[in-house]
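Below is one structure, written out as structure tokens; comments come after it.
Derivation of every value follows stated rules applied to the coordinates shown; laboratory data play no part. In this text, all values refer to a predicted model and were calculated from it rather than measured experimentally. Ideal geometry is used to build each Cβ from the backbone, glycine not excepted, and the neighbour counts take in all protein chains shown.
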Amino acid sequence: GQQVMQIPQYQHVQEGEDFTTYCNSSTTLSNIQWYKQRPGGHPVFLIQLVKSGEVKKQKRLTFQFGEAKKNSSLHITATQTTDVGTYFCAERSTDSWGKLQFGAGTQVVVTP
Amino acid sequence: ETGVTQTPRHLVMGMTNKKSLKCEQHLGHNAMYWYKQSAKKPLELMFVYSLEERVENNSVPSRFSPECPNSSHLFLHLHTLQPEDSALYLCASSRRLRLNEQFFGPGTRLTVL
């Protein structure tokens, strides 16, 4: 089935810097959800994007859905140590019950 | 967050043991899910229940047996597991099957010796 690819797999960021992680698909996505999992924790829902070209912001986090609905990005400005964790994108399938297909995640490490 | 709870949090079992994982959601949701999270692998969906009916069995070996007695509780019965089954098992719930975000429990860290 469809699978979303996340890049990079690992991201080392200096505190205060910005970074972007990407979620790509070879086919059109119905929608995209983003989750964050802190080390030793469980995935926590961040946002859902549905419309082509949609942009949503949560404080220092900016989420974008591509115009062709084949990719999505998460941009974090002025990274803080609290941003440490793995960020997953997940695509909801269009089958009868809408299974979530998770990407492998981007593991973010922040150095002070 | 205490919306979705899981017990036990850690479990070590031998390959011949039988154990059960429990999940309870206090959110009034109608759908519940079991996921397996192994190191360096994406989250793998195992089972889905909607209003206590199983709607998906994602090619999971029969040594994993789910049970959903009501919309608030979900169990995963384990029997004759293999060491490669060692992983974090996450339970999640959502308001409805096709819509809304999923809320995850803290997970059970399972080690099979």
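Quick notes
- Top of B:62, B:71, B:86 by mean-square fluctuation, Gaussian network on chain B, Cα under 10 Å: B:62
- With contacts taken as Cα pairs under 8 Å and at least 6 residues apart, chain A reaches a relative contact order of 37 percent.
- A Cβ-based charge dipole, computed about the Cα centre of the protein assembly as shown with Lys and Arg at +1 and Asp and Glu at -1, lands at about 140 debye.
- Segment B:50-98-segment A:1-58 distance, computed between alpha-carbon centres (Å): 26 Å
- Straight-line cross-link reach from residue A:99 at under 20 Å between alpha-carbon atoms covers these lysines, not counting any fewer than eight positions away in the same chain: A:36, A:51, A:69, A:70, B:36, B:41.
- Zero-based 5 Å bins, Cα pair distances in chain B, whole percents: 2, 13, 24, 27, 19, 10, 4, 1
- Peptide A:35-44 has a mean of 5 when you count, residue by residue, the C-beta atoms of other protein chains within 10 Å of its C-beta.
- Test item: B:41-51 mean partner chain Cβ contacts at 10 Å: 3
- Area projected by the alpha carbon convex hull of chain A, averaged over all directions, nm²: 6.7 nm²
- Choice from B:39, B:87, B:31 showing the highest fluctuation, given a GNM over chain B with Cα pairs closer than 10 Å: B:39
- Within the protein assembly as shown, the proportion of C-alpha pairs whose separation exceeds 33 Å stands at 17%.
- Note on segment A:1-72: with charges restricted to the Cβ of Lys and Arg (+1) and Asp and Glu (-1), its dipole about the Cα centre is near 260 debye.
- Here segment B:17-65 is described by how far its Cα atoms reach on the three principal axes: 32, 26, 20 Å, from widest to narrowest.
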